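Undergrad: This structure is in structure tokens; I'll ask about it shortly.
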Amino acid sequence: MASVALEYGAPPPDLADRVSAFYQLTVQSASYDDVERADRPQLRFLIKGTGTYHFAEDRVETNHPITLLGPTSGPVRGVGAGPMLLVGAGLMPRAWVVLAGSHAEHLTDKVINFGASMGAEGTALLAAMAAADSAESRFALLADYIRQQTATQAEDFWFPVVVDKWLTDNLDPHVDQLMAETGLGMRQIERLTKRYYGLPPKTLSRRYRAVRAAAALSRGEDLAASGLGDSFYDQSHLIREIKRFAGLTPEQVRSGTSEIQTKVSKGLKSLEGQVPPLISDA
């Protein structure tokens, strides 16, 4: 298994509604091959190394020097040639809408060569990150860029705020609860969750439930003690859902089969108190 280091940083307060967390991935070995769980959109800068993303049905996409990875509906295998250095940020809906310029559903499970649209600005930012001497310095550079790009927004983002609370407050979020909290009908709920999250509300709920359970397992937590186990019908349901969204069985998650998933879960948990539970618990 590759020698992997993963550092995390919480976003500054003014970006807390736009960035889930900043991270730096370092791979010292000549190769990298691991499985990422389903996740929110990501903006990534590949400073060193090369790589590809492998999606369902054997679809392979290039990891560009600057990549915008859309929301993912299932596990994604990452393969790379090292040494590698990658810096990224998880994007909340408020940042995604501006940077992607599209509804999330149009870019679900897609990889965008974002450097092509950034032009000279992207080249300069990538060079500045390469010259920086710490993860914190690179996070600050990325934060400045996202801050500048998302400074002016006329759109009211009340709906993602309600959805994030719905996901966080319920171990097994049901769509009827979201309808009651928003006062919207099913068709409106479907349209808005696809716009901001790239998935229908039921799938979004299933993804978060499965990822939260997988994260707890990777940290050695007891699902029964936390109540997370009760959100699944039975053990076979738990196995199917975690496999569906994390690409691993619960036992594989627990044993650390995926080095990157274990480090992601523990790294995000280290930000507890600095980021919302929606982020640190998953």
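Undergrad: By average Cβ neighbour count within 10 Å, what is the ranking of 90-98, 119-127, 60-68 from highest down? Spell out each step's value before the answer.
TA: On the way: 90-98: 23.2, 119-127: 13.4, 60-68: 18.4.
Per-residue Cβ counts within 10 Å, averaged per peptide and sorted highest first, yield 90-98, 60-68, 119-127.
Undergrad: A further question on this structure: Any idea what the alpha-carbon Rg over 2.2 N^0.38 Å comes to for the chain? Spell out each step's value before the answer.
TA: Details: Rg = 18.0 Å, N = 282, 2.2 N^0.38 = 18.8 Å.
The value comes to 0.96.
Undergrad: Which FRET efficiency, nearest 0.05, do residue 188 and residue 132 yield, Cβ-Cβ r, R0 51 Å?
TA: 0.70
Undergrad: State to the nearest 20 debye the size of the charge dipole of the chain about its Cα centre, where the only charges are +1 on K and R beta carbons and -1 on D and E beta carbons.
TA: Working: 29 positive and 33 negative charges, 76 e Å.
Dipole size: approximately 360 debye.
Undergrad: Of 243/263; 165/269; 48/266, which sit over 21 Å apart, Cα to Cα?
TA: Values: 243/263 18 Å; 165/269 18 Å; 48/266 24 Å.
With Cα atoms farther than 21 Å apart: 48/266.
Undergrad: Kirkwood hydrodynamic radius of region 68-165 from all distinct Cα pairs, in Å? Spell out each step's value before the answer.
TA: Working: mean 1/r = 0.0649 Å⁻¹.
This gives a value of 15.4 Å.
Undergrad: May I ask for the Rg/Rh ratio of region 162-246, computed from Cα atoms with Rh as the Kirkwood radius, given to two decimals? Display every interim value, and only then the final one.
TA: Values: Rg = 13.4 Å, Rh = 13.4 Å.
Across region 162-246, the Cα-based Rg/Rh ratio is 1.00.
Undergrad: Would you please name the chymotrypsin sites (Phe, Trp or Tyr not before Pro) within region 176-257 that are DSSP coil residues with at most 16 other C-beta atoms within 10 Å of their C-beta? List each step's numbers first, then the result.
TA: Numbers: sites: 196, 197, 208, 232, 233, 245; in loops: 232, 233.
Hits after loop and neighbour filter: 233.
Quick note: the coordinates plus some simple rules give every number you see, no bench work behind them. Note that the structure is a prediction, hence the values are computed from the model and not measured. All Cβ positions, even for glycine, are placed from backbone atoms using ideal geometry, and neighbour counts span all protein chains on display.
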